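Bear in mind these aren't lab numbers, they're just calculated from the coordinates by the rules spelled out. Not measured: the values here are computed from a predicted model. All Cβ positions, even for glycine, are placed from backbone atoms using ideal geometry, and neighbour counts span all protein chains on display.
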Amino acid sequence: MYRTHTCGELRVKDAGKEVTLAGWVQRIRNFGGMIFIDLRDRYGITQLVFPEGIRPGTQDQKTSVAEKANVLGREFVISVRGKIVERSNKNSGLPTGEIEIVVDELSILNESKTPPFTIEEETDGGDELRMKYRYLDLRRNSLQQNLLHRHEVAKAVREYLDSHGFIDVETPHLIKSTPEGARDFVVPSRLNPGQFYALPQSPQTFKQLLMVSGFDRYYQIVRCFRDEDLRADRQPEFTQIDCEMAFVEREDVLQMFESLVKFVFKKVRGIVLPDFPRMSYDEAMMWYGNDKPDIRFEMKFNYLKQETFGCALLEHDDDNIGFKVFDEAELVAGICVKGCAEYSRKQLDELTEFVKRPQLGASGLIYFKWLPAGQLGSNDGTFKSSVEKFYSSSRLKSIAESFGAAAGDLILILAGEKNKTRKVLGELRLEMGNRLGLRDKEAYRPLWVLDFPLLEYDGVEKRWSAMHHPFTSWRTEDNAYLETDPAKVKANAYDVVINGVEIGGGSIRIHNRENQMRMFNILGLSKEEAEMKFGFILNAFEYGAPPHGGIAFGFDRFCSITIASQENIRDFIAFPKNNMGRDMMLDAPGEIDERQKKELGLE
Ligand code: ASP
């Protein structure tokens, strides 16, 4: 028998028992003959002692065990038999820290080369090396815990959906394109030379067809493939919790899946989430400059100038000559950072550099410091600002007050083109949230973002594209504008956002041929193209398609966010790819041989 117990379960109450344990050698300490070994398995670490010297009556055996232990190295796989004893020198940091095993018998089950990095929490291995030896990295406790967590999340999701009548249906991976806005990965077909399958960007069309078939409530924890440029929170293949329901309106879907998210947090983390506030896309952009706002902290935008707001505060008169940058900007907006009036020149320069980075590209940052009373000899506070030459101090005060500011606060203002300025200000807000520790990793603030625009104009391609995907329906009240004023039309779409991370999104779908054709037409597909690409779903809509809608959650992200708001999904995927979409361990993608190419009609 390799083991009677795991390395995580023995306690002081077990003292005196004879046990057999198996696992990996984590650490060896040799005190001149007396050898201590930390034995590790998935469940924990137990200290082994190979005592020095000889106990009466066991002379030969003892000597040989200690000698054998001498040859052990890190990551050897061993099995030991011995007696549990209470430790004199207890380790309160380990659940098994009150005991150790005095070893009588040792078998080496397999040797190990010295691993290329230490298999400890604080490892010395760089990213690429650890990805190459992913199977070793996965021995580290934090990654083991992450995958265990992933398993728990999946179980909770299944439990919830199962109890609400959802059934798990598998859909194919070798398909034709399902448009979600990314490029397709394609697979050449040997039997149909010159032709290709596409891997699904999502099972979108299949889940809709299942509704047409009457399955009513579907889900699948399913792999999706998108050929996109990668970032820390993206992988070319990733997993969705994909769901669809028939005979539902938006409200039904929101309630069902808000409860799912709450259920999972409660079940897996014991966290009771608040009800999800709802915010329209327009509000999110207006107040946070972002369609996935982090509402763990306020710091909403204040506008000094925007089409719909007057700009009285920036008007010129005898005392206020105005500031050219403000006067010429389409939008002037800022945030009030409480209690930061003392920011130094250096800190302000850092923030200016932050907004000027090429990724953001702002041309500058304007600040107002409302210095606390008493400073610079003033009793009621004094302003220090990069625009103090242009406005009187009473005007500066009114401007600051429009931000809800008070003495001691810092105001940061950006000016420029509307969308860009909002975006940069949104990033600056998050940066200030980080600097001030307002983005508490254990505080979860979910919300729904609703009423997205149905379409967005692609200035490069000179055409409209679907903001969500082309199967999303629009609000009935906007029906008349679909062809005449597409920008005005709002979609029946919704996103779930937690702490600034979009974890899921979906929509109520189009379910009749005529509307689906209108949509394709706006997206620039001719009748023939629509028929060729999407004939199957257009046809299905003619055979009694029920009203339906659904949602999909990014499962990897969901797992990472439920653990202390971590944002790197890679740590929650057993075998992820690097930023170039490569599997470092397999060294994939790779070449294929000539014969294979020929067979596939690729030459
Ligand atoms: N298929 C969509 C997506 O992958 C989700 C949905 O609309 O249900 O984003």
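Using mean Cβ contacts within 10 Å as the protection proxy, how do 312-319, 498-505 order, highest first?
498-505, 312-319
Can you list the lysines whose alpha carbon is less than 27 Å from that of residue 490, not counting same-chain residues fewer than 8 positions off?
Partners found: 207, 292, 300, 305, 418, 420, 423, 462, 527, 533.
Order of 423-431, 13-21, 335-343 by packing, highest average Cβ count within 10 Å first?
423-431, 335-343, 13-21
Among 223, 439, what is the fewest-to-most ranking by other Cβ atoms within 10 Å?
223, 439
In nm, to one decimal, how far is the modelled label at residue 373 from the one at residue 392, with both set 7 Å along Cα→Cβ?
With each label point 7 Å from Cα toward Cβ, the separation is 2.3 nm.
Label 7 Å along Cα→Cβ of residue 249; segment 477-500 residues with amide nitrogen under 20 Å?
477-480, 490-495
Within a 10 angstrom radius of the beta carbon, how do 216, 168 rank from fewest other beta carbons to most?
By the 10 Å Cβ count, ascending, the order reads 168, 216.
If a/c stays under 1.5 just call it rounded; otherwise compare a/b with b/c (prolate if a/b is bigger, oblate if not). Do that for the chain, with a ≥ b ≥ c from the square roots of the Cα gyration tensor eigenvalues.
Since a/c reaches 1.5 but b/c is at least a/b, the shape of the chain is classed as oblate.
Roughly speaking, what is the stretch gain from residue 330 to residue 152, that is 0.36 nm per residue apart minus the C-alpha to C-alpha distance, in nm to one decimal?
Computed gain between residue 330 and residue 152 is 59.1 nm.
Output the DSSP H helices from the chain with an along-axis C-alpha extent of no less than 27 Å and a mean Kyte-Doolittle hydropathy no less than -1.0.
Both cut-offs are met by 141-163.
Tell me, in nm to one decimal, what length is gained between residue 564 and residue 580 on full extension, where the rule is 0.36 nm per residue of separation less the Cα-Cα distance?
Difference between extended and current length: 3.1 nm.
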